[in-house]
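Note sheet for the following structure.
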Amino acid sequence: MITIVVDTIPQQFPKGITGLQIAHQIDLPFIQSVLALQVNGVTYDLMRAIEVDATIRFLTWDDQEGKQLFWHSSAYLLASALTILYPDIKLGIGSAIDQGFYYDVDIGIHASDGLNIEAIEKKILALASRKEPFIRQTLAKQEAVDFFANQKNAYKLELVEGLEEHTITFYQQGNFIDVCRGPHLPHTGFIKAVRILNMGGAYWLGNEKNKQLTRIYGITFPEKKALTTFLTLREEAKKRNHQKIGKALGLFTFSEKVGLGLPLWLPKGALLCDTLVQFLKKEQTKRGYQPVITPHIGHKALYITSGHYDKYKEDCFQPICTAESDETYLLKPMNCPHHCEIYNSEPRSYKDLPLRLAEFGTVYRYELHGALHGLTRTRSFTQDDAHIFCCPDQVREEFAAVIDLVLYVFGIFHFTNYTACLSFRDQNSDAYIGRSADWDLAEQAIQEVTQEKGLQTICAMGEAAFYGPKVDFIVQDALGRKWQLGTVQLDYQLPMRFGLSYIGADGQKHTPVMIHRAPFGSLERFIAILIEQTGGNFPLWLAPEQVALLSLSDKHNVYAMDVHQMLLERGVRSVLDLRNETIGKKVRDTTLRKVPYILVVGDKEMMDKTLSVRKRGVPTNIPVNDFIEQVCAEILTMEASL
């Protein structure tokens, strides 16, 4: 017998029992909607045997892990449909993604005519309607190699030959068999709606030196109305696309001459960035953070010491070699090693701790061309980074305070729907550094603090940073999309690797604990999400252009310029439009730029010392001084509430 914990209740079951059998035995009320289960944090097929004592959780469509499994199975079904419709194509690999799935295929002779999307969708639904089970099986590695050699599929053959396992996991659905780690749905019948979204190019295994395959993107749902809702929101998302709005508002641009994935902030975008930075700097100062500045490069030895070079060198830009034989530098991929050296710059006492060092530091990662996407995935980005060095008995309090800061930031920007993802280590010990006992302490502290804060949490085994566990905050925006924003990481390892210490109350040297945190995450990514969340209609305190002054004709220009100067002197971000255009065109252009206040001046306004004011709506006439006091008070009230 083995002990299985279900909903915190330990129960005895025969060894080898399956999740489906447990669901029936405990009379699970939502059994018809169960897709799979987690066993000690690892997702299992419902029909897979459980051999050890475990804590389990049943997964449905409402769980993110359930959606990922649903879409993973859908990618498998897409592959099955393609082999039936186009027997001569060669399958590459497929996977679930944040919303939906993809499959890479070599379409060969069909490249000129293309694939019939409608036929593919119909075939997927036809296969789904058969309710065929996904059957897990294993083959010896040589058998797997022979299987794909007989199929003459060089892609699958390369994939299998590169696996280190002696036995390879396959799944069979109907007559279709493919190598796959799984897990999968109990059967295909859960899939009720499908849409092929688009096709693009993708290099085999992400290597630009390999052949470019056709990547087919799709999405599926357990009911038709969910697909209808998704497509409606997708159209709205196109309207709110941050690249489209960013261009219209003149916030940022990209240049191939500067380099792919390297954003250039235009004046209005720079104002937006600076306003966000100043907002957080002000709040951090209240909470005891001290500002630091570090270089954009660091000696290679720095990142060897931290472990980043060993674990992340594939994600770094190529080393920079100087004329000196022993001088090799890297573009900074992380701020934390630099902050460790700042800590080490002088002796520390327990009375100096916690020490909170904060920096808006720009870092550089080498992302593949195909992964770059506007501001959400770039090669240079600015982190609202801070590192807290504290005594072990201060960890819980400091970690809780950081969570409070993250939630404060979310509240300011009306991100009210979020989940805390607890990213812990898995059984792959080679992926992590440090002592297991320290990891146990860190993971326990994170679990307890998030529970005390009453956060909605999910656990992601194997997603920890190599130096410690973390909490990633997943935010759902106005369109129902989920984004990873703030992060908090607990680290016992880097302080030891850098030899950090403090003198304790006992007069002995001790090693501090380090907390990494970034409420925005990446400033670029945060702004992209903020643009799409608001549709570019920023609150007054954040808008790069707060007030626009439009003159009816040249004779009103001087009056408009005088009011403009008065606003600038009071700290209001005012812009002038003195073009020789109709007032209708000026108003339309300014409205498209989403300026909160539009002020029109003509004969009447100039004579009465008033302004025709439009606040994203119907115009009203207000005396100049009254408006200036009103808008200044509104900005101050907003800023005071931050």
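Criterion applied to Ser74, Ser112 was being without any contact (Cβ under 8 Å) to a residue 24 or more places away in the chain and of a type in the set (Ser, Thr, Tyr), and the one residue passing it is Ser112.
Counting only helices (runs of 4 or more DSSP H) that sit wholly inside region 227-324, those with at least 2 residues that are assigned by TED's automatic domain parsing to the domain that holds His387, touching a strand residue (DSSP E or B) at 6+ places or on another chain (Cβ under 9 Å) and surrounded by 15 or more Cβ atoms within 10 Å (Cβ to Cβ) are 267-286, 300-306, 308-312. Once region 47-67 is narrowed to residues that are under 27 Å from Ala226 (Cα atoms) and acidic (Asp, Glu), the residue that is farthest from the chain's Cα centre (by Cα) is Asp62. Check whether at least one residue in region 495-509 is over 18 Å from the mean Cα position of the chain (by Cα), of a type in the set (D, E, K, R) and assigned to a strand (DSSP E or B), and report yes or no. Yes, because at least one residue in region 495-509 is over 18 Å from the mean Cα position of the chain (by Cα), of a type in the set (D, E, K, R) and assigned to a strand (DSSP E or B).
To keep it simple, each residue is scored yes or no on (1) crowded, with 22+ Cβ neighbours inside 10 Å; (2) in contact with an Asp or Glu (Cβ under 7 Å, 6 or more places away or on another chain); (3) basic (Lys, Arg).
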| position | (1), (2), (3) |
| --- | --- |
| Ser345 | no, no, no |
| Lys351 | no, no, yes |
| Glu359 | no, yes, no |
| Arg365 | no, yes, yes |
| Gly370 | no, no, no |
| Leu375 | yes, yes, no |
| Thr378 | yes, yes, no |
| Cys391 | no, no, no |
| Phe399 | yes, no, no |
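Mind checking which residues of region 435-451 are within 24 Å of the chain's Cα centre (by Cα) and either outside any helix (DSSP H, G or I) or of a type outside the set (A, V, I, L, M) (or both)? Result: Glu443, Gln447, Thr450, Gln451. Whenever a residue of region 581-592 is assigned by TED's automatic domain parsing to the domain that holds Asp554 and of a type in the set (A, V, I, L, M), its partners that are surrounded by 13 or more Cβ atoms within 10 Å (Cβ to Cβ) and in a loop (DSSP other than H, G, I, E, B), lying with C-beta atoms within less than 7 angstrom and at least six residues away or across chains, give the pairs Ile583/Leu552.
Taking first residues from region 88-100 that are touching a residue at least 24 places away in the same chain (Cβ under 8 Å) and partners that are surrounded by 18 or more Cβ atoms within 10 Å (Cβ to Cβ) and among the hydroxyl-bearing types (Ser, Thr, Tyr), the Cβ contacts under 6 Å between residues at least 6 apart in sequence or on separate chains come to Lys90/Tyr155; Gly92/Tyr155. When Glu65 is tested against (1) out of contact with any Gly (no Cβ under 6 Å at 6 or more places or on another chain); (2) buried (at least 18 other Cβ atoms within 10 Å of the Cβ); (3) under 15 Å from Ile191 (Cα atoms), just one condition goes unmet, and that condition is (3). Taking the conditions (1) crowded, with 18+ Cβ neighbours inside 10 Å; (2) out of contact with any strand residue (DSSP E or B) (no Cβ under 6 Å at 6 or more places or on another chain); (3) not β-branched (Val, Ile, Thr) in turn, Met607 satisfies each one other than (1). Within the set Glu324, Glu341, Glu314, Glu367, the sole residue that is of a type in the set (Asp, Glu) and at pLDDT 95 or above turns out to be Glu341. Filtering region 144-194 to residues that are farther than 26 Å from Lys131 by Cα, over 32 Å from the mean Cα position of the chain (by Cα) and in a loop (DSSP other than H, G, I, E, B) leaves Lys152, Asn153, His166.
Criterion applied to Leu205, Leu213 was being over 30 Å from Ala478 (Cα atoms) and under 24 Å from the mean Cα position of the chain (by Cα), and the one residue passing it is Leu205. Mind listing whichever residues of region 454-469 are surrounded by 15 or more Cβ atoms within 10 Å (Cβ to Cβ), in contact with a helix residue (DSSP H, G or I) (Cβ under 8 Å, 6 or more places away or on another chain) and of a type outside the set (A, V, I, L, M, F, W, C)? Of everything in region 454-469, those that are surrounded by 15 or more Cβ atoms within 10 Å (Cβ to Cβ), in contact with a helix residue (DSSP H, G or I) (Cβ under 8 Å, 6 or more places away or on another chain) and of a type outside the set (A, V, I, L, M, F, W, C) turn out to be Thr457, Tyr467, Gly468, Pro469. When each of Leu642, Leu542 is tested for being in a loop (DSSP other than H, G, I, E, B), within 25 Å of Pro267 (Cβ to Cβ) and at pLDDT below 95, the lone residue that passes is Leu642.
The set of residues in region 545-566 being outside any helix (DSSP H, G or I) and either under 18 Å from Val595 (Cβ atoms) or without any contact (Cβ under 8 Å) to a residue 24 or more places away in the chain (or both) consists of Glu545, Gln546, Val547, Ala548, Leu549, Leu550, Ser551, Leu552. Strands (runs of 3 or more DSSP E) fully within region 51-133 that include at least 3 residues being within 17 Å of Gln173 (Cα to Cα): 90-97. Taken over region 414-432, the criterion of being assigned to a loop (DSSP other than H, G, I, E, B) and surrounded by 19 or more Cβ atoms within 10 Å (Cβ to Cβ) is satisfied by Phe415, Arg425, Tyr432. All of (1) modelled with pLDDT under 95; (2) more than 26 Å from Glu398 (Cβ to Cβ); (3) of a type outside the set (D, E, K, R) hold for Leu271 with one exception: (1).
Residues in region 19-59 that are in contact (Cβ under 8 Å) with a residue 24 or more places away in the chain, under 20 Å from Gln137 (Cβ atoms) and either surrounded by fewer than 17 Cβ atoms within 10 Å (Cβ to Cβ) or assigned by TED's automatic domain parsing to the domain that holds Ile191 (or both): 3 in all. Of the residues examined, Asp562 is one that is at pLDDT 95 or above and out of contact with any strand residue (DSSP E or B) (no Cβ under 9 Å at 6 or more places or on another chain). For region 570-578, the condition of being among the basic types (Lys, Arg) and touching a residue at least 40 places away in the same chain (Cβ under 8 Å) holds for at least one residue.
Out of Val402, Val395, Val406, which single residue is assigned to a helix (DSSP H, G or I), more than 24 Å from the chain's Cα centre (by Cα), at pLDDT 90 or above and of a type outside the set (Asp, Glu)? Sole residue among the options that is assigned to a helix (DSSP H, G or I), more than 24 Å from the chain's Cα centre (by Cα), at pLDDT 90 or above and of a type outside the set (Asp, Glu): Val395.
The values are calculated or read from the model by the stated rules, or taken from the named source; none is laboratory data. Note that this is a predicted model, so its numbers are computed, not measured. Backbone-built Cβ (ideal geometry, glycine too); neighbour counts: all protein chains shown.
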